[in-house]
Every structure is written in C-alpha cells, then in structure tokens.
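Here's the structure, in structure tokens; my notes come after.
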Amino acid sequence: IKRTAKEISLPILVSFSGGKDSMATLLLVMKSGLKYESFFLDTGIELEETLRYVDDVEKRYGLKIKRIHSDDRFWKSLEKYGPPARDYRWCCKVVKLGPTTKFIMKNYPNGVLTFVGQRRYESDVRSKTPRIWRNKWVPNQIAASPIQDWTALEVFLYLMKEKAPLNPWYERGMNR
C-alpha cells in the first residue's frame, strides 16, 4: 500500500462497500499510516443491516465515511432496461460507476488512487485484472487492490485476527 501510494502519488481514497473484502482493505490502509478518505456508495437498494454496519464501522474506528447516493437510479433504470442479469449487467455502470465518477470528478479533479477490496477469486473477469488498474468508466481513478491474491478464507482469518466487525449478513449465510 505504501509503495503503491508512493509510486502513484495521488490522494488516497478507500472504497468501502460494507463487505468483508472492503473491510480488510480499509483496515490495511488504516494500518499503513497514510492519509486517506473513505466512501460508501448507497445504491438505493442496500439492506438496512448493511447501512447500520457502515455506521457502526465509522463509529468504532472514528472515521468519517463519505456517502454517495444513487437515489432511485436503480428503480428508474429497471423500468427502462429490465432486470440486470449475468450477461446484461447495466446496473454497475448506472448505479455504481456513474455516481462514483461524479463524486471523484468533483472531489478529485486531478485524480485519485482508490484502494478497493477486490479479489481475483471472485470472478473470471477479476482473475484477469491486475492488482493496479484503470476502469474506463471512471477516468480520474487509478484503482488498486492490496488483497487481489487473497482467498475468502484469508480475508475472514485476517478480520478475525483484527477483531473486526462483520456485516451481519455473513452470519445469515450470504457470502457476498
């Protein structure tokens, strides 16, 4: 994390989704001692427990996690495009990347290094993504994943070691 920040030399942002991977990434960036900001993207369809969990993490660690809101973009787009599907993933661009790009362009016009909790074992596409990359939909951002090569088990073990809180949906059987 420190080496990447030194090489890229941009303000640091941590993307926090409320999931285990972003929690591990947030803790790693916190431990680096680097100056950073963090944000949570409320897609408008977040589960109530996840919203409370983000608040709890913020309080527990004394953070100010900025909130980005997609408002009713999902519901308006659902009417227009129909349900998102594995081969028809309009929702990420509309509900996540659009608001994130707007936030970054407004707050980081000269660019930002965003640490994200992405792992290669999550999907075929992510398995081919390098640890540091650019997303063509978010032009002012360089993204980096310090846990790119971690397994889900390693993430859970790290969070247990750090005595970090978990989103309650994991205890209810959800794995993402």
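Sorting Arg67, Arg119, Arg86, Arg3 by solvent-accessible area of protein heavy atoms yields Arg86, Arg3, Arg67, Arg119, largest first, with a 1.4 Å probe. Residue order by solvent-accessible surface for Trp75, Trp169 is Trp75, Trp169, largest first, with ligands and nucleic acids left out and a 1.4 Å probe.
Counting pairs of alpha carbon atoms under 8 Å apart in space and at least six apart in sequence, what relative contact order in percent does the stretch 1-72 give?
Values: 75 pairs, mean separation 23.3, N = 72.
Averaging sequence separation for qualifying contacts and normalising by length gives 32 percent for the stretch 1-72.
The lysines whose alpha-carbon is closer than 16 Å to the alpha-carbon of Lys76, local same-chain residues fewer than 8 away aside, are Lys93, Lys96. Taking all protein chains as shown and a probe of 1.4 angstrom, Asp56 keeps an accessible surface of around 90 Å². The overall shape of the stretch 36-76 is oblate: from the C-alpha gyration tensor, with semi-axes ordered a ≥ b ≥ c, the ratio a/c is 1.5 or greater and a/b is no larger than b/c.
Per the Kirkwood formula on distinct C-alpha pairs, the Rh of the stretch 85-166 is how many angstrom?
Working: mean 1/r = 0.0695 Å⁻¹.
Over the stretch 85-166, the inverse of the mean reciprocal pair distance is 14.4 Å.
Which value, in Å², gives the accessible area per residue of the stretch 25-139 when a 1.4 Å probe is used on the protein heavy atoms?
Values: 7100 Å² over 115 residues.
Dividing the accessible area of the stretch 25-139 by its residue count gives 62 Å².
What the Cα atoms of the chain give is an Rg and a Dmax of 15.9, 45 Å. Residues in the stretch 45-56 carry Karplus couplings, in order, of 10, 5, 6, 4, 5, 5, 4, 5, 4, 4, 4, 5 Hz; the curve used is 6.51 cos²θ - 1.76 cosθ + 1.60 with θ = phi - 60°, and Gly or Pro positions show x. Give me the percent relative contact order of the chain, please, defined on Cα pairs under 8 angstrom at least 6 residues apart. Result for the chain is 27 percent.
The values are calculated or read from the model by the stated rules, or taken from the named source; none is laboratory data. The model shown is predicted, which means the values in this text are computed figures rather than measured ones. Just so you know, the surface numbers come from the protein's heavy atoms only, side chains and all, with ligands and any DNA or RNA stripped out. Shrake-Rupley method; radii C 1.70, N 1.55, O 1.52, S 1.80 Å.
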